[in-house]
Amino acid sequence: MEPVRSASSWHDLANPHRFRRVAGQALPWLLAAALGFLAAGLGTGLFLAPADYLQGESVRIMYVHVPSAWLALGGYAGLAIAALAARIWRHPLADLAVRAVAPVGAAFAAVCLATGSLWGRPTWGTWWVWDGRLTSMLVLFLLYLGVIALIHAFEDRMRGAKAAGILAILGVVNLPVIKYSVEWWNTLHQPASIRLSGSSIHAEMLQPLLLSATGFALLFAAIVLMRMRALIAEQKRAMRQLRRAALAG
Amino acid sequence: MGGLSLLVRLVRRDLARVAARPGEALLPPAFFLLVAIVFAFALGPEPALLARSAVAVLWVGALLASLLPVAGLFAADAADGTLDQYAVRGIAAETVALARMLAQWLVLGLPLLLALPIAGALLATPPALLLATAPRFAAGTLGLAAVATAAGALMVGARGGGGLAALLAVPLALPVLVFGAGAAGEGEAAGADRLLLAAALLLAALAPLAAGAALRLARG
C-alpha cells in the first residue's frame, strides 16, 4: 500500500487549485532562472561572441531568432501533447494548457518571422524570401492562428479549447506533409541563392545560443504557467458569479 | 444494416438535400469562375501571361471555392437534431463525417470539373495542359473536401463564419495546392501526381476521424 503515496502526490497536481498554488510557488524561481539564462546568453551573444566573417554584426540576431524558431516548433508539439492528454484523460487542466500555450507559441513564431525578416534584409538584401524554412515557419504561424481563432470562436472557451485541440492534433499529423510540400515547392521553384547553414556553427557562437535558448524556453514555461494560473482564476470567478446569480434568482 | 449500405444511404441523403437547393450547389463553381475572371482582369488580357498563370489561378480558385460551404456544412444538422438522431441510432459520428466528405467531394468536384474548361478558356490555357489538370482536379477536390469537412465539423456552434473557415482550412490544404499546381510546373512534375494523390488520400483518411471527434464534441 505504501508506494501509492508517491504517485498520489503527483496526482495531487491534477487538482486545478492545488496546481495554481504550486505553480505560483514555482513561478518566481522559474522567472529568475529564465532571466539569468537570458542575461548570460544574450549578454555574451550580443557583446562578447565574435561577429560572423561573412554577415558581420547582423549575425547576432541569431541569438533571438533561432531560439524562437525552436520554441515555436516545440510549442506546437506541446500544444498537440496537451490536446492529446485532454482527449485521453479528459482532464480540464490539459484543455487549459491548450489555451495557455497557443498564444505564447504564436508569439514566438511571430518573433521568429520578424527577426528572420530583419536578418534577411542585410543578408539576402530583401525582407522576405520564400526560403523553405521561412515558409514552413509562416505555415506554422498560420496553424497557430487557426487554433487561437477557434478557441475564441466559442462563447464557452473550454469548448473552444477542445475543438482547437482536435485541430492541433490534425495539424501535427499533417505537419510532416506540409513541411515536405513546402520543401518540394521550394526546390521546384527558384532555390534560395544564399544558405545560412554554410558551415557548422563555431563553439563561441554555440554557447551563447544554447544559453539564450534555455532562457527563452524557461520564459516560455513561466508565461504558460502564468497564463494557466490566470485562466484558473478566471474560471473560479465565473463559477462564483454563476453561483451568486443562482442564489439571487 | 451493413456499413457500406449505411454509408451509401447517408451519401444519398446528403446529395438529395443538395439537389433540393441547387442554387447553393452552383455557388462554388460560379465562385471558381469568378476567381478566373478577376485574375484575368487583374493580369490583363495578354494570352501568354494568362496561360503562364492559368494552372495556379485554377488551383487557387478551387481552394477558395471549397471554402464556401465550410461554415454551413454541419450547421443545419446540428441545429435540427439530425446529428443527435444519428447518434441515438448508433451511427458513429465518423461515419456521418465520412459520408459528408464523400458527398462534398461529388458536390464540389463534379461542378468544378464542368467549370474547368470554361475557366481554362478564359485564362487561355493550352488544351493539353487543361486535359492534364482535369484528373488532378478530381484527386485534389477529394483533399479539399476532406479539409472542408474537418473544418466544418470543428466550426459547429462557432461564431466567425468565412474568415474562420479560411484560417482553419488553408494551412491544411496547402499540400494539395502545392502538388496540384506544381504538377504542371515546367520541366519537372515527375512524381507530383503521386504526391498529390497521396496528400489527398491522407487528408481523406484523417479528416473523418477529426470531424467525427468534433461532431461528438458539438453534441456535448
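What nm distance separates the two modelled labels at residue B:89 and residue B:76, each placed 7 Å from Cα along Cα→Cβ?
In this crude spin-label approximation the distance works out to 1.7 nm.
Ratio to report: Rg/Rh of segment B:102-220, with Cα atoms as the point set and Rh obtained by the Kirkwood method; give two decimals.
Ratio value, two decimals: 1.03.
Run a plain Debye calculation on segment A:59-116 (Cα atoms as equal point scatterers, no solvent) and give log10 I(q)/I(0) at q = 0.13, 0.14 Å⁻¹, rounded to two decimals, same order as the q list.
Rounded to two decimals, the profile gives -0.37, -0.42.
Using only Cα atoms and rounding to the nearest 10 degrees, what angle (0 to 90) does helix A:203-248 make with the longest principal axis of chain A?
That works out to roughly 30 degrees.
As I understand it, the value is the acute angle between the Cα axis of helix B:3-20 and the longest principal axis of the Cα atoms of chain B; what does it come to in degrees, rounded to 10?
70 degrees
Over segment B:3-219, what relative contact order in percent results from Cα pairs under 8 Å that are six or more residues apart?
Once normalised by length, the contact order is 29 percent.
Would you please classify the overall shape of the protein assembly as shown from the alpha carbon gyration tensor, given that a ≥ b ≥ c denote the square roots of the eigenvalues, rounded means a/c under 1.5, and beyond that prolate means a/b larger than b/c while oblate covers the rest?
Oblate is the answer for the protein assembly as shown, as a/c is 1.5 or above yet b/c matches or exceeds a/b.
In the Gaussian network model of chain B, springs joining C-alpha atoms below 10 Å, which of B:173, B:76, B:200 carries the largest mean-square fluctuation?
With Cα springs under 10 Å in chain B, the top fluctuation among B:173, B:76, B:200 is at B:76.
Estimate the FRET efficiency between residue B:198 and residue A:40 by the formula 1/(1 + (r/R0)^6), using the beta-carbon distance for r and 41 Å for R0, to the nearest 0.05.
Plugging the Cβ-Cβ distance into 1/(1 + (r/R0)^6) gives 0.30.
Can you give the Rg and Dmax of segment B:3-219 based on its C-alpha atoms, in angstrom?
Just the Cα atoms of segment B:3-219 yield Rg and Dmax of 17.6, 59 Å.
Report the longest stretch of chain B that contains none of the trypsin sites (Lys or Arg not before Pro) sitting in a DSSP loop with at most 12 other Cβ atoms within 10 Å.
The answer is B:1-88.
Give a residue-ordered list of calculated ³J(HN,Hα) values for segment A:106-113 (Karplus: 6.51 cos²θ - 1.76 cosθ + 1.60, θ = phi - 60°; whole Hz; x for Gly, Pro).
4, 5, 5, 5, 5, 4, 4, 5
Assuming R0 = 45 Å, what is the FRET efficiency of residue B:43 and residue B:20, from their Cβ-Cβ distance, to the nearest 0.05? List each step's numbers first, then the result.
Numbers: r = 38 Å, r/R0 = 0.85.
That gives a FRET efficiency of 0.70.
If I take R0 = 60 Å and measure r between the Cβ atoms of residue A:180 and residue A:248 in this structure, what FRET efficiency does the formula 1/(1 + (r/R0)^6) give, to the nearest 0.05? Mind dumping the intermediate values first?
Values: r = 58 Å, r/R0 = 0.97.
Here the calculated transfer efficiency is 0.55.
With θ set to phi - 60°, apply the Karplus curve 6.51 cos²θ - 1.76 cosθ + 1.60 along segment B:138-154 and write out the HN-Hα couplings as whole Hz, x wherever there is a Gly or Pro.
Coupling constants for segment B:138-154: 4, 6, x, 5, 5, x, 5, 5, 5, 4, 4, 5, 4, 5, x, 5, 5 Hz.
Looking at chain A, which longest stretch skips every one of the chymotrypsin sites (Phe, Trp or Tyr not before Pro) that is in a DSSP loop with at most 14 other Cβ atoms within 10 Å, leaving the sites themselves out?
Numbers: sites that count: A:53, A:127, A:128, A:130.
After excluding every exposed loop site, the longest remaining stretch is A:131-249.
Measure nothing fancy, just the Cα-based angle from helix A:157-188's long axis to the longest principal axis of chain A, in degrees from 0 to 90, nearest 10.
With both axes taken from Cα atoms, the answer is about 20 degrees.
Normalised by the residues of segment A:74-226, what does the relative contact order come to in percent, with Cα pairs under 8 Å and at least six apart?
Worked out over segment A:74-226, it gives 28 percent.
Only the coordinates and a few stated rules stand behind these numbers; no lab work does. Small disclaimer: the values here were computed from a predicted structure and weren't measured. Note: ideal-geometry Cβ built from the backbone for every residue, glycine included; neighbour counts use all protein chains shown.
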